[in-house]
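A.B. asks: Sharing a structure below in structure tokens format, with a few things to ask.
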Protein chains: 2
Amino acid sequence: MAYLEASVIDHGAVARPTGRTPCSPAKSNLSDFGGKSTAYETHAVVYYEGDPAKRLYELVRGSIMLYKLLPDGRRQVVEVLRPGDIFGLASTDENDCTAETLTSSIVQEIDLRQVERSQELQSILTKSLTSQMHVLHEHAVLLGRKSAVERVASFLMHLVPDRGGLGCAGPEDEENDGFDLQLHMTRQEIADYLGLTIETVSRVVSDLKRRGVIRVDKADKIHLNKVCSLCQMTGIH
Amino acid sequence: MAYLEASVIDHGAVARPTGRTPCSPAKSNLSDFGGKSTAYETHAVVYYEGDPAKRLYELVRGSIMLYKLLPDGRRQVVEVLRPGDIFGLASTDENDCTAETLTSSIVQEIDLRQVERSQELQSILTKSLTSQMHVLHEHAVLLGRKSAVERVASFLMHLVPDRGGLGCAGPEDEENDGFDLQLHMTRQEIADYLGLTIETVSRVVSDLKRRGVIRVDKADKIHLNKVCSLCQMTGIH
DNA sequence: CGTCCTCTTGACCTTAGTCAATCACAGTGG
DNA sequence: CCACTGTGATTGACTAAGGTCAAGAGGACG
């Protein structure tokens, strides 16, 4: 499988961290606990599933996905992280997922052994894990119970801030309820996140386009014409 | 939908905690932090999705599932808890799942506000959340990428201690690799956990029976004839 | 013995997957 | 500047896996 080979090549040739600190200031919850800030290129691997877990990471800027592979090459992207998310914590001594950047990213890295030492760190961790758990629960519903259209609609809605949630206030302006999205994911990555094939994702996107719900400026850049009508297709209404 | 109505009836009529302490001694990680121990009947609801989150719970004995419902009645069981698991922590002020017992259970309950106060509690929490996260990641792979047979095989394998994992040593005795399981879940609950329909679960179980991999003594009492051959069907080999 | 409930089985249908051809676009090199 | 190549995305035709609907079997219980 193409992406698998690419990743393996990355490991040795491309994806190694540059080790320099970010040039622009970026807030990090973990920076108070020492460690270093590292920049990663797009599609660089931070760590591999099965590697020994040695560090705790915080995504400071950019976007990172965590995925698991089955031996025959099937892939499931289990989380798509946003700035502020903490990752790398493992219940065994090995990482249970591979962490790969979707865009160039800045990551704050500290030693895992710090975790036992700091009370404040534990508190931050609890909050972060709880919120990731919540996302994972929602995602389980998506993977287990939603149709292809509902999955894609849910995926797009998650990229719209303050909309589609329980406390969604609806559109501010009924007549002007559009939104511009930059996905930062290929069709393959979206498919592996939503438990679909690349062809199905493509077909659903084309269909939404045909029905006037979205406009596709670039494969990667999508305009939602009416957020509310897309939200109606997520299965949560 | 039948189970939905049943749950709603339970809420008022059956499922309320009896409030008595367990008669037999049971170790609990949370018992040091005060609170009370509560016994629940089979299919009792500990809390509902959307209810205000006020308490932190530890399953001391028995079995509990966490599930989410879509407005049209589709259900996804997102976790099946075992003794020692901690639940009830929410990222908002509302529970994101319904918690319902699968068997009669004993639950240790403490006030959520305790969490901020105790360092030791935070530490316990971090460990528990991390391990639940690991399970959720695996489950995402199951829901997103596995076939019906692989899902059922994985489900059954998870009920066999020390087998099927990464460090699985294989059968101790090649000729005598059987195992007896008590599921404690209806076909509907299994289906909702695995993202399948009740009919598909039933068909897969019948098929495994026909192929001699399992023996079905009762609907929820299954004997695995050869653990290793079932493990071969989980998709992880 | 009848009722209720869950589970099983069969027939049929729908959804999404598979396979393959084509398109679009960016980068490369003559 | 433009043909060539490679990659990712789209589309179409077909297939297969699992869902739907309906009927019947098997237990538990009053």
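A.B. asks: Sequence-distant or interchain residues sharing an amide H contact under 5 Å with A:ILE64, placed H: which?
C.D. replies: The list, which skips near neighbours in sequence, is A:LEU81, A:LEU102.
A.B. asks: Another question about this same structure. Mean-square fluctuation check for chain B, GNM, Cα pairs under 10 Å: which of B:VAL45, B:VAL135, B:VAL80 is largest?
C.D. replies: Its mean-square fluctuation being the largest, the pick is B:VAL135.
A.B. asks: Would segment B:136-226 count as rounded, prolate or oblate if I go by the C-alpha gyration tensor, calling it rounded below 1.5 in a/c and otherwise prolate when a/b exceeds b/c, oblate otherwise? Walk me through the intermediate numbers first.
C.D. replies: Numbers: a/c = 1.85, a/b = 1.20, b/c = 1.55.
It comes out oblate by the Cα gyration axes.
A.B. asks: If you count only protein heavy atoms with a 1.4 Å probe, what accessible area per residue comes out for segment B:42-111, rounded to a whole Å²? Walk me through the numbers before you get to the answer.
C.D. replies: Working: 2240 Å² over 70 residues.
I get 32 Å² per residue for segment B:42-111.
A.B. asks: Can you give the calculated 222 nm mean residue ellipticity of chain B, where each DSSP H run of n ≥ 4 adds -39,500 (n - 2.57) and the sum is split over every residue, rounded to the nearest 500 deg cm²/dmol? Intermediate values should be presented prior to the final figure.
C.D. replies: Details: 7 runs with 80 residues, N = 237.
Rounded to the nearest 500, the figure is -10500 deg cm²/dmol.
A.B. asks: Sticking with this one: What FRET efficiency comes out for the pair B:CYS228/B:SER202, r = Cβ-Cβ distance, R0 = 22 Å, nearest 0.05?
C.D. replies: Details: r = 25 Å, r/R0 = 1.11.
With R0 = 22 Å, the Cβ-Cβ based efficiency is 0.35.
A.B. asks: Moving on to the next point. Given the options B:LEU56, B:LEU159, B:LEU102, which has the most mean-square fluctuation in a GNM of chain B, springs set between C-alpha atoms less than 10 angstrom apart?
C.D. replies: B:LEU159
A.B. asks: List the residues of segment B:143-158 whose accessible area drops by at least 50 Å² when all protein chains are present, compared with their chain alone, using a 1.4 Å probe and counting only protein heavy atoms.
C.D. replies: B:LEU143, B:ARG145
A.B. asks: Relative to the longest principal Cα axis of chain A, at what angle does helix A:119-145 sit, 0 to 90 degrees, rounded to 10?
C.D. replies: Between the helix axis and the principal axis of chain A, the angle is about 40 degrees.
A.B. asks: Right, another one. Report, in listed order, any pair from A:LYS127/B:LYS27; A:LYS27/A:LYS146; A:LYS68/A:LYS221 with a Cα-Cα distance greater than 29 Å.
C.D. replies: Values: A:LYS127/B:LYS27 26 Å; A:LYS27/A:LYS146 36 Å; A:LYS68/A:LYS221 26 Å.
Violating the 29 Å limit, Cα to Cα: A:LYS27/A:LYS146.
A.B. asks: Computed on protein heavy atoms with a 1.4 Å probe, what is the summed buried accessible area for the chain pair A and B, in Å² to the nearest 100? Please report the intermediate quantities before stating the final value.
C.D. replies: Values: alone 13070 and 13050 Å², together 22250 Å².
For chain A against chain B, roughly 3900 Å² becomes buried.
A.B. asks: Moving to a separate point now. Assuming R0 = 56 Å, can you tell me the calculated FRET efficiency for the pair A:GLU41 and B:ASP51, based on Cβ-Cβ distance, to the nearest 0.05?
C.D. replies: Numbers: r = 45 Å, r/R0 = 0.81.
After rounding to 0.05, the efficiency reads 0.80.
A.B. asks: A follow-up question, please. Could you let me know the centre-to-centre spacing of segment A:38-94 and segment B:193-220, using Cα atoms, in angstrom?
C.D. replies: With segment A:38-94 and segment B:193-220 each reduced to a Cα centre, they are spaced 35 Å.
A.B. asks: I've got another one for you. At a cut-off of 40 Å², which residues of segment B:85-104 become less accessible once all protein chains are present than in their chain alone, using a 1.4 Å probe?
C.D. replies: Those are B:SER91, B:ASP96, which lose 40 Å² or more relative to the chain on its own.
A.B. asks: Measuring with a 1.4 Å probe in the full set of protein chains, what accessible area per residue, in whole Å², belongs to segment A:143-231?
C.D. replies: Working: 4440 Å² over 89 residues.
Per-residue value: 50 Å².
A.B. asks: Most fluctuating residue of B:THR98, B:THR126, B:THR197 in a GNM of chain B with Cα springs under 10 Å: which is it?
C.D. replies: Taking springs between Cα atoms under 10 Å, the residue moving most is B:THR126.
A.B. asks: Moving on. How far apart, in nm, are two points set 7 Å out from the Cα along the Cα-to-Cβ line at A:VAL149 and at A:ARG117?
C.D. replies: Distance between the two pseudo-spin positions: 5.6 nm.
A.B. asks: What is the angle, in °, between the Cα long axis of helix A:2-13 and the longest principal axis of the Cα atoms in chain A? Nearest 10 is fine, range 0 to 90.
C.D. replies: Tilt relative to chain A: about 30 degrees.
A.B. asks: Same structure, new question: In degrees from 0 to 90, rounded to the nearest 10, what is the angle of the helix B:148-158 Cα long axis to the longest principal axis of chain B?
C.D. replies: Relative to chain B, helix B:148-158 is tipped by roughly 60 degrees.
A.B. asks: Right, here's the next one. How many percent of the accessible area of the protein assembly as shown is carbon or sulfur, using a 1.4 Å probe? Each step should come with its number before you reach the end.
C.D. replies: Details: 11440 of 22250 Å².
Answer for the protein assembly as shown is 51 percent, counting heavy atoms of protein chains only.
A.B. asks: Sort the protein assembly as shown into rounded, prolate or oblate with this rule: let a ≥ b ≥ c be the square roots of the eigenvalues of the Cα gyration tensor; rounded if a/c is under 1.5, and if a/c is not under 1.5, prolate when a/b is larger than b/c, oblate otherwise.
C.D. replies: Values: a/c = 1.30, a/b = 1.25, b/c = 1.04.
Because its axes are fairly even, with a/c under 1.5, the protein assembly as shown counts as rounded.
A.B. asks: Considering every Cα-Cα pair within chain A, what fraction, in whole percent, is farther apart than 28 Å? Mind showing how you got there, number by number?
C.D. replies: Details: 10039 of 27966 pairs.
Pairs farther apart than 28 Å: 36 percent.
The values are calculated or read from the model by the stated rules, or taken from the named source; none is laboratory data. Quick caveat, the model's predicted, so the values are computed rather than measured. Cβ atoms come from the backbone with ideal geometry, glycine included; neighbour counts cover every protein chain shown. All accessible areas refer to the heavy atoms of the entire protein, side chains included, with ligands and DNA or RNA removed. Shrake-Rupley method; radii C 1.70, N 1.55, O 1.52, S 1.80 Å.
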